[in-house]
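Enquirer: Below is a structure I'd like to ask you about.
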Ligand code: SF4
Ligand code: SF4
Ligand code: FES
């Protein structure tokens, strides 16, 4: 364990805990965009910068989601230098994605005026901030069906050759982790469409709600394992589990 001080509060953390995790464990909020607790960190947006002073008294700006605490340090999450660094990041991101409400909100919070950019993206429906969460989510699932294509201002997330991907299972995990709502998922009563591919939706055998694609159900995970031979939606699965626990307790009481 290592003792660290964050904004004047002392806390002991396990070696290797990131500055972001340590701060959040104290309820100190640090803004993040590319970080998601269920995904490997990537450190590409740089919004989560904080100031760290090490045992030798050296102070640096670090990316808190990628900074493992190895020894006693002092972390400050809201200094003028930190706010300036974050404001600069927001300014650059806003120049590329001016239509993103998430960035507009951050710009307001950090008092950022838009850059006088030569090129202003006109597509108001493009909410993507190129954080890569969706790409990492899909890769973590082992599907790898979306990636960054092109470079610079042209850079965007898409399927290879912008064609519907055969390896996509229509799970929607990419859309769930997207911080800006940039990924379009549409559902009607029987189908879900994502990345230009339309999937059937399978009905829960208890309540009838259509909740997952057949391709998702083929992925053997506890979430989709049949219960007593029936395919159940997450809500019915929980109800059945609760019922099983309750009947088990009843049996114990009778004995
Ligand atoms: S919906 Fe397709 S692209 Fe999105 S995470 Fe699932 S498999 Fe990947
Ligand atoms: S689509 Fe969403 S998650 Fe993917 S890079 Fe863009 S903003 Fe990030
Ligand atoms: S949240 Fe840490 S670099 Fe993006």
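Enquirer: Can you spot a residue in the range 48-55 that is at pLDDT 95 or above and more than 26 Å from residue 92 (Cβ to Cβ)? Full working, then the answer.
Expert: Going through the range 48-55, the residues at pLDDT 95 or above turn out to be 48-53.
Narrowing the set further to residues that are more than 26 Å from residue 92 (Cβ to Cβ) leaves 53.
Yes: one or more hits.
Enquirer: Give the residue that is farthest from ligand 2 (Cβ to nearest atom), with candidates limited to residues of the range 127-155 that are closer than 30 Å to residue 190 by Cβ and in contact with a strand residue (DSSP E or B) (Cβ under 8 Å, 6 or more places away or on another chain). Steps first, please.
Expert: Our first condition is that a residue be closer than 30 Å to residue 190 by Cβ; within the range 127-155, this holds for 127-128, 133-135, 137-147.
Adding the requirement that they be in contact with a strand residue (DSSP E or B) (Cβ under 8 Å, 6 or more places away or on another chain) leaves 128, 134-135, 146-147.
Details: 128: 3, 134: 3, 135: 6, 146: 8, 147: 10 Å.
Ranking the candidates gives 147 first.
Enquirer: Quick one: in the range 112-125, of everything that is surrounded by 13 or more Cβ atoms within 10 Å (Cβ to Cβ) and either modelled with pLDDT under 75 or not assigned by TED's automatic domain parsing to the domain that holds residue 98 (or both), which residue is nearest to residue 88 (Cα to Cα)?
Expert: This residue is 115.
Enquirer: So which residues in the range 159-185 are under 19 Å from residue 34 (Cβ atoms) and either free of Cβ contacts under 8 Å to residues at least 24 places away in the same chain or surrounded by fewer than 14 Cβ atoms within 10 Å (Cβ to Cβ) (or both), if there are any at all?
Expert: Step one: filter the range 159-185 for residues under 19 Å from residue 34 (Cβ atoms), giving 173-183.
Once the filter is applied, which keeps residues that are under 19 Å from residue 34 (Cβ atoms) and either free of Cβ contacts under 8 Å to residues at least 24 places away in the same chain or surrounded by fewer than 14 Cβ atoms within 10 Å (Cβ to Cβ) (or both), the range 159-185 yields only 181.
Enquirer: Could you list, in sequence order, the residues of the range 204-235 that are surrounded by 14 or more Cβ atoms within 10 Å (Cβ to Cβ), within 21 Å of residue 142 (Cβ to Cβ) and in contact with a helix residue (DSSP H, G or I) (Cβ under 8 Å, 6 or more places away or on another chain)?
Expert: The answer is 224, and nothing else.
The values are calculated or read from the model by the stated rules, or taken from the named source; none is laboratory data. All figures in this text were calculated on a predicted structure; none of them were measured in a lab. All Cβ positions, glycine included, derive from the backbone under ideal geometry; neighbour counts span all protein chains shown.
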